[in-house]
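Take a look at the structure set out below.
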Amino acid sequence: MTQFRQGCSLKLFPIFSVTSGMAASSTGHERRSRYAIVRVFVAGGSGTIGVPLVTALINAGHQVTALTRSSDKHKMLRMLGADPVVGDALDAATLRNVVEAAFPTHVIHQLTALPKDGVPRGSDLEATNRLRIVGTRNLLDAAIAAGVSRVIAGSFALMHGVDTHAPASLRAAAAAVESMESQVLDASNAGTIAGVVLRYGLLYGPGNPATVKLIEMIRKRRLPVIHGDRSLLPWIHITDAVSATLAALDGGPAGSVYNVVDNWPVSISNVVRVVAMYAGAKHPFVVPAWLPRLVTPFAASMMSIRLPVSNRKIRAELGWGPAFPTWRDGFAPIAQGLAR
Ligand SMILES: NC(=O)c1ccc[n+]([C@@H]2O[C@H](COP(=O)([O-])OP(=O)(O)OC[C@H]3O[C@@H](n4cnc5c(N)ncnc54)[C@H](OP(=O)(O)O)[C@@H]3O)[C@@H](O)[C@H]2O)c1
């Protein structure tokens, strides 16, 4: 433990780097040990991914400041070991103050404002779109002003499968994701800050409200199997989204974009069929594709995306692999647990 600025105690962790050239040893290379100070500012530290992420960062020895809009969440964040700060990411001046006061070396962007148990309507995405466009701009500006070395942005892989035939609200959401990613990557390419984008698959995990609701709907036969379903959706267990984010903390070159997805994209109908089996539910109804498009056009459009993305790049460059290699591995214990 070392002291940095008055009153700030920092945790340090070793990084080994190999250097070559005039100063190298007689072997031509010198293995050198240095210490990197890792103080992480997590915007969205109180969220679905934020809480386990903050916990994992603390367990890995990092010092964490977590942003929330609500002082009610201070106690919970303190109990995790983080320093909580209150601020609205849409308020540029406040955000800049709280980021600068935290002296972070790294910023992680996990801001969304989605309904906790799923996104039934396109209008549910509007607040998140603002966060991805304006919130990202504010967070980047604050991070750059604070002298942060690296920013990691949590993005959403599925939005890259939205095409021109999708409803306007879904296209607006895809444009907001595009804005978030390009703001981070443009700043990185300009050399202002090192940026990494993580495109998460659909997040699921035990206790996650959207996961619980999905399984409940399947158990009550409210989600059908779609005849001839050709969708391919990427999924990721929350545990794996967290481990990938930790791997990206100092891994991978600036400007990298990684798909954080499991090994097996799958149609929504396959998920419905198999989860029904795990949950001990009756067989789901089978319906023609036009029916969900008529009744729930937004959800039907999102769930019919065909996006066969792979995790090959993050495996190769960051040595990361999912603990839950396929959605079946992750969903089985959750659905079976809820069935008891
Ligand atoms: N959920 C999914 O299926 C999914 C899929 C793919 C990617 N992702 C990505 O995962 C990340 C987080 O998702 P999540 O499911 O963990 O979200 P979440 O549970 O809804 O958490 C959202 C977080 O954002 C904070 N927040 C919202 N509006 C804010 C504002 N105006 N100012 C400051 N903080 C604000 C919330 O803090 P307070 O409420 O405490 O203020 C909370 O910590 C995002 O990067 C998202 O793109 C999610």
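The values are calculated or read from the model by the stated rules, or taken from the named source; none is laboratory data. Treat the numbers as computed from the prediction; the structure is a model and nothing was measured. No Cβ is skipped: glycine too gets one built from the backbone with ideal geometry, and neighbour counts run over all protein chains shown.
With the condition kept exactly as written, say whether any residue in the range 244-266 is within 16 Å of the ligand (Cβ to nearest atom), over 26 Å from His106 (Cβ atoms) and touching a strand residue (DSSP E or B) at 6+ places or on another chain (Cβ under 7 Å). Within the range 244-266 (the criterion being within 16 Å of the ligand (Cβ to nearest atom), over 26 Å from His106 (Cβ atoms) and touching a strand residue (DSSP E or B) at 6+ places or on another chain (Cβ under 7 Å)), the answer is yes, since at least one residue qualifies. Please work out if His160 is out of contact with any helix residue (DSSP H, G or I) (no Cβ under 6 Å at 6 or more places or on another chain) and more than 12 Å from the ligand (Cβ to nearest atom). When the stated conditions are applied, His160 does not pass them.
Of all residue pairs spaced 6 or more apart or on separate chains, those with beta-carbon atoms under 7 Å, a first member in the range 69-90 that is farther than 21 Å from Asn138 by Cα and a second member that is within 10 Å of the ligand (Cβ to nearest atom) and of a type in the set (Gly, Ala, Ser) are Lys73/Ser46; Leu77/Gly45; Leu77/Ser46; Leu77/Ala66; Ala82/Gly45; Ala82/Ala66. Being at pLDDT below 95, under 17 Å from the mean Cα position of the chain (by Cα) and within 15 Å of the ligand (Cβ to nearest atom) is a property that holds for Ala210.
Select from the range 266-297 the residues that are of a type outside the set (A, V, I, L, M), at pLDDT 95 or above and either within 28 Å of the chain's Cα centre (by Cα) or buried (at least 19 other Cβ atoms within 10 Å of the Cβ) (or both) and list them in ascending order. Listed by number, the residues that qualify are Ser267, Ser269, Asn270, Arg273, Pro284.
Just one of the numbered conditions (1) away from the ligand (no atom under 16 Å from the Cβ); (2) in contact (Cβ under 8 Å) with a residue 12 or more places away in the chain; (3) closer than 17 Å to Gly118 by Cα; (4) buried (at least 18 other Cβ atoms within 10 Å of the Cβ) is not true of Ala300: (2). Restricting attention to the range 95-124, the residues that are free of Cβ contacts under 8 Å to residues at least 40 places away in the same chain and away from the ligand (no atom under 12 Å from the Cβ) total 2. Please tell me if Ala187 is more than 13 Å from the ligand (Cβ to nearest atom), crowded, with 18+ Cβ neighbours inside 10 Å and at pLDDT below 95. So Ala187 fails the test.
Which of (1) modelled with pLDDT under 95; (2) surrounded by 11 or more Cβ atoms within 10 Å (Cβ to Cβ); (3) in a strand (DSSP E or B) is the odd one out, the single condition Thr48 does not satisfy? All conditions pass for Thr48, except number (3).
Looking only at the range 29-43, decide whether some residue is modelled with pLDDT of 95 or more, within 16 Å of the ligand (Cβ to nearest atom) and exposed (fewer than 11 other Cβ atoms within 10 Å of the Cβ). Among the residues of the range 29-43, not one is modelled with pLDDT of 95 or more, within 16 Å of the ligand (Cβ to nearest atom) and exposed (fewer than 11 other Cβ atoms within 10 Å of the Cβ), which makes the answer no. Per the listing Ala142, Ala92, Ala127, the residue uniquely within 13 Å of the ligand (Cβ to nearest atom), within 22 Å of Tyr200 (Cα to Cα) and aliphatic (A, V, I, L, M) is Ala127.
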